[in-house]
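Let me begin by presenting the structure, written as structure tokens, before commenting on it.
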Ligand SMILES: *[C@@H]1O[C@H](CO)[C@@H](O)[C@H](O)[C@H]1NC(C)=O
Ligand SMILES: [Zn+2]
């Protein structure tokens, strides 16, 4: 009888302390480490490419995972390669790495602890009810972002319109913001499209974009830069594309990248939505191997989120002159083409805008971005948003912006959200100037 009571008491304690159900499935990455490898020869690169192939073929990417996109293993890529290694594989991994004379440092010796710290750094309790709970000292759940978008539309009806594009695979709404002050003369303004978070784990993307949106809208009428940006340009903003994947990175696996669609033809979940557009689909830098991070999907536009994005752009095609799609973390301003190493005829104009924008960005905190074609800087990646925007959306300036890395890859500390927002704002201000100068306003 006594034993029974004790057991009951123990159960009671477990119940009262229990966290929401979702937490029980969270991948804690206990004992995992992140190693950063620096390559200095083609032989070493070949070794890693082969290793990655081997891991994928043997479904071992849960044991050793390349966090750096495999496309980034291009020969002239200057940045280190981050690899997540399980405790069971560490000895073997290090032995092989040393055999290949690959330089390595332990970038994170206790991944589980870092992930917990990231989660609890700025708990949601800090939220002010006023703006839907949004802050830029933490990475927020999708629900908070949703409430914030609704707050903006309700509070600034003259400047902000919110529309729903449709529901994600798992049933979450995707939203599009339109920011801008209507012209008194009724003329149509040129527009800039911005989207973020097509890759689930690149948290700084949506955080940066919402910070820029907030700055423009809340400073309208008090800051001349923000005022001009909303007076001269209309901004279409899709702050979170891959909503299901984004939630999954909060609840289960911090390094999930793809969508969460159950594939009709295989057991692996999701596809890389940034390989799923139909321009030169599967040409290079994408695969039909479904358990990889660059799985292009069984066919172009298999992912509904991609369809929403392209439909929304095409509906506003006459107005949109620039498309900026935000990712992390490589600190580069990437231009078409990403399907092979050729560039469009007007590449030089695109590059000039990129140079001006990234110079303005660098001025604020000294972060230096590379500017060039996707393929030339990072390696081919066919089926991406910017290629689609340029080729099918007929948008002259189509750009992939890879935001801050600073040695943290996808886990940029939340203290860097505001600096990232402010410096990237400088870049989009340059974009706004170029677009306005080139296109001005047209009669309605
Ligand atoms: C307006 O915003 C810009 C861009 O962040 C900034 O450089 C400038 O100092 C601000 N102006 C005022 C008056 O706050
Ligand atoms: Zn990305």
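The values are calculated or read from the model by the stated rules, or taken from the named source; none is laboratory data. Worth saying up front: this structure is predicted, and the values here are computed from it rather than measured. When we count neighbours, we look across all protein chains shown, and the Cβ atoms used for this are built from the backbone with ideal geometry, even at glycine.
Tabulated data for the structure shown
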quantity	calculated
Count of residues meeting criterion [assigned to a loop (DSSP other than H, G, I, E, B) and surrounded by fewer than 24 Cβ atoms within 10 Å (Cβ to Cβ)] in segment 308-329	4
Selected residue (criterion: nearest to ligand 2 (Cβ to nearest atom)) from residues of segment 244-259 that are outside any loop (DSSP other than H, G, I, E, B) and more than 24 Å from residue 312 (Cβ to Cβ)	250
Meets criteria (under 14 Å from the mean Cα position of the chain (by Cα) and either farther than 29 Å from residue 211 by Cβ or within 16 Å of ligand 2 (Cβ to nearest atom) (or both)) for residue 241	yes
Where residue 396 falls short, out of the listed (1) closer than 21 Å to residue 202 by Cβ; (2) more than 16 Å from ligand 1 (Cβ to nearest atom)	(1)
Residues within segment 374-392 that are more than 23 Å from residue 426 (Cβ to Cβ) and at pLDDT 95 or above, tallied	8
Residues of segment 265-304 classified as assigned to a helix (DSSP H, G or I), crowded, with 19+ Cβ neighbours inside 10 Å and away from ligand 2 (no atom under 14 Å from the Cβ), total	0
Some residue of segment 149-165 being within 22 Å of the chain's Cα centre (by Cα), at pLDDT 95 or above and more than 26 Å from residue 219 (Cβ to Cβ)	yes
Among the residues listed as 306, 291, the single one being within 30 Å of residue 440 (Cα to Cα) and touching a helix residue (DSSP H, G or I) at 6+ places or on another chain (Cβ under 7 Å)	306
Failed item, numbered, when residue 284 is tested on (1) over 14 Å from residue 377 (Cβ atoms); (2) in contact with a strand residue (DSSP E or B) (Cβ under 9 Å, 6 or more places away or on another chain)	(2)
Candidates 228, 275, 257 - the one that is in contact (Cβ under 8 Å) with a residue 40 or more places away in the chain and within 16 Å of ligand 1 (Cβ to nearest atom)	228
Number of positions in segment 198-214 that are within 14 Å of ligand 1 (Cβ to nearest atom) and buried (at least 24 other Cβ atoms within 10 Å of the Cβ)	2
Answer from 232, 284 - the residue that is over 21 Å from residue 414 (Cβ atoms) and over 22 Å from the mean Cα position of the chain (by Cα)	232
Test for residue 217: is it away from ligand 2 (no atom under 15 Å from the Cβ), under 21 Å from residue 189 (Cβ atoms), touching a residue at least 12 places away in the same chain (Cβ under 8 Å) and surrounded by fewer than 24 Cβ atoms within 10 Å (Cβ to Cβ)	yes
Residue match in segment 182-195 (condition: outside the structural domain of residue 61 (by TED's automatic domain parsing), within 16 Å of ligand 1 (Cβ to nearest atom), assigned to a loop (DSSP other than H, G, I, E, B) and more than 21 Å from the chain's Cα centre (by Cα))	no
